[in-house]
Amino acid sequence: MDRRTFLRLSAGAVAALAMPVGLVGCASEGSRAAEAVRALLTSYVVPAEEGAEDAPESTWPAADYGDAETMERLETYAVNPDEWHRHCFAHFTFEVGEGTVDEETGEASVAANLTNACLATALEGAGQDYAAWSETQEAEDAYAAGGKAALFAQLVSYVYARLDADESPVTTTVQVRCEKGDDGSWAPQVADDEAFFSALYGGTSVAVPTL
């Protein structure tokens, strides 16, 4: 084998070896971004009730439910945020796809399928339930005993019942943007991402008060 042929074959071999190494590197970064998204979505899975054997040592880990303004309004009517979110996410499930990295921006995008009961449908059904109940003597007695707060509590209980029934689960595909930190870790960027939070609640916008 002459020197020129040897060099040509050697160059081909090196290229063949280098190609999968480059792909593995990209795939690894995409996988790491996907794992970061999986960790985020897991934080929305309802934890065990306090007192149960597998109850968490800390509070529910999710940091942002995208409904701060809504919860502020609901809390004025004595609605417990933890209880509200437990019902909202009682049936929440997800699937995380592969992550892809944009070489130009350095950001990653991860596709995820989010499935949950539709909060909007639950609210509509609860409104119908409440309207029927409001015509009863029980409603009059409740108002006499507890005023508007008692009526609102009954409405919320109907919302919880509708959510728990999981009558209309909705699956939505979202793209979660991730940024890479100085330490090399990936972090999902979902703050103020209306599409993401809408998907969390079965296709319902929760950025503004819902009740």
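Of 164, 129, 82, 141, all but one fail to be among the acidic types (Asp, Glu), in contact with a His (Cβ under 8 Å, 6 or more places away or on another chain), farther than 28 Å from residue 33 by Cβ and not in a loop (DSSP other than H, G, I, E, B); the exception is 164.
Can you tell me which of 207, 153, 142 is among the small types (Gly, Ala, Ser), in contact with a helix residue (DSSP H, G or I) (Cβ under 7 Å, 6 or more places away or on another chain) and at pLDDT 95 or above?
Working: 207 fails: at pLDDT 95 or above; 153 fails: in contact with a helix residue (DSSP H, G or I) (Cβ under 7 Å, 6 or more places away or on another chain).
Answer to the check: 142.
When the residues of the stretch 85-110 are filtered to those that are in contact (Cβ under 8 Å) with a residue 24 or more places away in the chain and in a loop (DSSP other than H, G, I, E, B), the one that is surrounded by the most Cβ atoms within 10 Å (Cβ to Cβ) is 89. Taking the numbered list (1) in contact (Cβ under 8 Å) with a residue 40 or more places away in the chain; (2) closer than 29 Å to residue 113 by Cα; (3) hydrophobic (A, V, I, L, M, F, W, C) in turn, residue 161 passes all entries but (1). Within the stretch 177-196, at least one residue is modelled with pLDDT of 95 or more, assigned to a helix (DSSP H, G or I), buried (at least 20 other Cβ atoms within 10 Å of the Cβ) and not β-branched (Val, Ile, Thr).
The values are calculated or read from the model by the stated rules, or taken from the named source; none is laboratory data. Values in this document were obtained by computation on a predicted structure and should not be read as measured data. Neighbour counts are summed over all protein chains in view; Cβ atoms, including those assigned to glycine, are modelled from backbone coordinates with ideal geometry.
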